[in-house]
Amino acid sequence: MDTDKWFSKLLDEPLNELVQKSMDEGQIPIGYSCSYVPEVMLSVDGLFPVRMHATGIAGTEIADNYLSSVICSYTRSLLEFALDERYDFLRGWVFAASCDHLRRLYDNLEYLKRPGFSRILDVPHKTGDAAINWYTDELKLFAKALTDHFGVDLGADALAKAIREHNAFNAVLRKIGEYRSGDKPVMTGTEYHRLVIAAGTSPKKPLLPILKKIRNDLPKRDPLPPYRARLLLAGGHLDDPGYISIIESQGGLIVADRLCTGSYPGLLPIPETGDPIAALAKHYLTKTSCPRMMEAFRERAEDIVKLARECRADGVVIQILKFCDTWGVEAAAFVSCIREAGIPVLRLERDYRLGGEGQLRTRIQAFIESMGK
Amino acid sequence: MNKIRYYGGCDVGSTTGKAVILGPDGIAGSSLIPSEVDPEITARLALEKACAAVAGLGDIGNLAYLIGTGYGRNEVPFANENISEISCHAMGVFWCDPSIKTVVDIGGQDMKAIAVADDGTVREFAMNDKCAAGTGRFFEAMSRIFRMDLDAFSNLSLNAKKTIPVTAQCSVFAETEVISLLAKRNPPADIAAGIQNAVAKRCFTLIKRVGLKPRLTVTGGCAKNQGLLVELKRMFQIDIAPLTIDPQLIGALGAAILASRKG
């Protein structure tokens, strides 16, 4: 099996072969769109989470009738796919009120295309004890709604099991990620991102043995030919490995990422002790680290600098979706902070749909050249 | 007797192909041709023409080192390497005049602002988005509406009595707007001034992103647009530094200079 091709194929359609197989086995797919949605709660026995994507979308002509052109293209693409019946296989979806754009998407889907189960989680903008307690209550209501609707068990033991499985799965992915970050990387950032996105958009159980085999085989691989620069990729939603491929085609190897849809902070382990719902609330609220959260800018900026230093990145590329209010505002401030730390940084805006490849290549090449690489 | 070493730079743009041959005494030959459909053919024709201008050089294969740049830089198989046009324009300008610290390169389909470091490398850059509004293609479209060639259109705004604002910078919308303004019998020169003003504003936005540090110059084909230069001077309240060679050749020159450091 050509693993790369197989994983690429998994990303071609939301309803991929693993999703179909799990559905055939009686598992219920639930869509979600934001890192604040605790996908672990959708991973209890009987359910599996599918992070919603609209890979290969050609345009958003229908969605543009409902969502204005200053709504980010990821959000509009999801609506277009929903109206194109590409998510009809989902038995429900869960959104988070993480930004106004996703809220508007939820509103529109409520009257345009409501599945059997539809919910939006209210996420506090702070991460203190009061906010964690509040979010814990919100997740308890969410757990009850899932149980009531699907008849699945989200009790403490069931959730504790889901957390253990989630951590074990992510540990495999994290280990694989080390092979792109070391002194002599053996895998590209493109290949790794493909695995991470496939893991988020496919059921995990059938994927785990394949990922374990990849992890076991990686030490036998030859190192990649030398790249001109090691780069850290930061930013919000990015589910297209093709974008990273363009960066790497210019000699900038992505050795680490800090993306909503990436390996950090998304693959960090969840505490396995104490009340599972409280643990989930605290983990998702404090670790997701989206610019929507108030009073944590310094922490987020320092996190990027720390990560860049840990992976010995020569530079940082920040990619943001056009019209993403949260990342758009904060990215400008990140640029100053990262530069002050002595690390070259390039800020790129993009549309959800991959385009303008020539200009992206020029920007990346010029950035690498400006670093003297 | 040692053989003279010549270095080549080839800038394969969307509209024109440029080549510069650098010899021991500076620029030994250059060329500027319209782009062919195939960037490789554009590069070959431009280089052959430039090489032919250098006595005793012979063909492209005799260049000691050749660097490709421009949007078609990946399609120059006979080049030793390719370098982004951003780095090449910075180096080309630095070679002409090291006191220039900010460059606006306006080519056929994109626009870039470049902050040049003290050694001629790129300190910072900003680039327009996918849309080609405010670039050479935009001016070509505008000149067609006025039934003029590009040179005549470039000078049209110099006779303006006032500036009629053209709000849209999208080529398609601007075309509609300008046709309406002409139909209402507004003086063409005043409308042209509005067009130049709109493009200058676009430059302003890009330059703000990298920071304007004097001196400022303009490169690329649109640097020959006198109306735009006047508008930029007025907007920035700063003289546009003239270049010692054709501003359209700066990318190829920068590539040739970088080639001379490698070969």
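Amide H to amide H, which residues 5 or more places from residue B:17 or on other chains are under 5 Å from it, using H placed in the peptide plane?
For residue B:17, the qualifying residues are B:33, B:35.
Just the Cα atoms of chain B: what Rg and Dmax do they give in Å?
Cα-based Rg and Dmax for chain B come out at 18.8, 71 Å.
Filter the GluC sites (Glu not before Pro) in segment A:235-325 to those in DSSP coil with at most 11 other Cβ atoms within 10 Å of their Cβ, and list the result.
A:295
Using a 10 Å cut-off on Cβ to Cβ distances, tally the other chain neighbours for every residue of B:122-128 and report the average as a whole number.
On the way: counts 5, 1, 4, 6, 2, 7, 1.
Going residue by residue through B:122-128 and averaging, the value is 4.
Amide H to amide H under 5 Å from residue A:234: which residues, 5+ apart in sequence or cross-chain, H placed 1.01 Å off N in plane?
Residues meeting the criterion, in which the H sits 1.01 Å from N, are A:258, A:317, A:318, A:319.
Residues in segment A:151-189, backbone N under 17 Å from the label point at residue A:1 (7 Å along the Cα-to-beta-carbon vector): list them, ranges by number please.
What the label zone holds, given the 17 Å backbone N cut-off, is A:173.
To the nearest Å, what is the center-to-center distance of segment A:276-300 and segment B:74-107, using C-alpha atoms only?
Rounded to whole Å, the Cα centres lie 45 Å apart.
From zero outward in steps of 10 Å, how is the percent of C-alpha pairs of segment B:98-242 spread across the bins?
12, 45, 31, 10, 2, 0
Step through the residues of segment B:13-24 one at a time and calculate ³J(HN,Hα) from phi using the Karplus curve (6.51 cos²θ - 1.76 cosθ + 1.60, θ = phi - 60°), rounding each to whole Hz and writing x for Gly and Pro.
Values per residue, Gly and Pro as x: x, 6, 10, 9, x, 10, 9, 10, 10, 9, x, x Hz.
List the equivalent ellipsoid semi-axes of the protein assembly as shown in whole Å, largest first, each obtained as the square root of 5λ for an eigenvalue λ of the Cα gyration tensor.
Details: eigenvalues 499, 171, 91 Å².
Result for the protein assembly as shown: semi-axes of 50, 29, 21 Å.
Would you calculate the separation in nanometres between label points at residue B:183 and residue A:129, each defined as 7 Å from the Cα along the Cα-to-beta-carbon direction?
7.0 nm
If I stretch the segment between residue B:53 and residue B:78 completely, what's the gain in nm (0.36 nm per residue apart, minus their alpha carbon distance), one decimal?
Extra length available between residue B:53 and residue B:78 comes to 7.1 nm.
Within 10 Å of each Cβ of B:79-86, how many other protein chain Cβ atoms are there on average? Write down the numbers at each step before the final one.
On the way: counts 0, 0, 0, 1, 3, 11, 3, 7.
Other-chain Cβ atoms within 10 Å of each residue's Cβ, averaged: 3.
Per-residue counts of other Cβ atoms within 10 Å, averaged by peptide: what ranking do you get for A:2-9, A:197-204, B:159-166, highest first? Each step should come with its number before you reach the end.
Details: A:2-9: 13.6, A:197-204: 22.9, B:159-166: 15.5.
The packing order, highest mean first, is A:197-204, B:159-166, A:2-9.
Please list, in chain and number order, the residues 5+ apart from residue A:264 or on another chain whose amide H is under 5 Å from its amide H, with Hs placed from the backbone.
Result for residue A:264 returns A:257, A:259.
Across peptide A:26-32, how many C-beta atoms of other chains are within 10 Å of each residue C-beta, on average?
On the way: counts 0, 0, 0, 0, 0, 0, 0.
Mean partner shielding for this stretch: 0.
Once you put a point 7 Å from the Cα of residue A:333 and another 7 Å from the Cα of residue A:216, both along the Cβ direction, what distance in nm separates them?
In this crude spin-label approximation the distance works out to 4.8 nm.
Need the full-extension length gain, residue A:113 to residue A:21, defined as separation in residues times 0.36 nm minus the C-alpha distance. One decimal, nm.
On the way: separation 92, 0.36 × 92 = 33.12 nm, distance 2.44 nm.
Gain on stretching residue A:113 to residue A:21: 30.7 nm.
I'd like the distance between the alpha-carbon centres of segment B:4-60 and segment B:217-260, rounded to an integer number of Å.
19 Å
For segment B:114-122, take each phi angle, set θ = phi - 60°, evaluate the Karplus expression 6.51 cos²θ - 1.76 cosθ + 1.60, and give the result in whole Hz per residue in order, putting x for glycine and proline.
10, 9, 9, 7, 5, 9, x, 8, 8
I want to make sure I understand the PRE zone here: with the label point 7 angstrom from the Cα of residue A:161 toward its beta carbon, which residues in segment A:39-80 have backbone N atoms less than 19 Å away?
A:39-49
Under a point spin-label approximation (7 Å from Cα along Cα-to-Cβ), what is the residue A:168-residue B:121 distance to one decimal in nm?
In this crude spin-label approximation the distance works out to 5.0 nm.
Restricting the count to DSSP beta bridges whose residues both fall in segment B:98-242, what percent are antiparallel, rounded to a multiple of 5?
65 percent
How much mean residue ellipticity at 222 nm does chain A get from its helices, if each DSSP H run of length 4 or more adds -39500 (n - 2.57) and you divide by all residues, to the nearest 500 deg cm²/dmol?
Rounded to the nearest 500, the figure is -15500 deg cm²/dmol.
What are the ³J(HN,Hα) values, in whole Hz, obtained from phi via the Karplus relation 6.51 cos²θ - 1.76 cosθ + 1.60 with θ = phi - 60°, for each residue of segment A:221-228 in sequence order, with x given for Gly and Pro?
6, 6, x, 5, x, x, 9, 6
Could you tell me which of the pairs B:18/B:262; A:21/A:282; A:113/A:282; B:162/B:233; B:112/B:161; A:161/A:282 are separated by over 22 angstrom between their Cα atoms in the structure shown?
A:21/A:282; A:113/A:282; B:112/B:161
Bear in mind that the values in this text are calculations on the coordinates, not laboratory data. All figures in this text were calculated on a predicted structure; none of them were measured in a lab. A quick note on method: Cβ atoms are made from the backbone with ideal geometry, for glycine too, and the neighbour counts reach across all protein chains shown.
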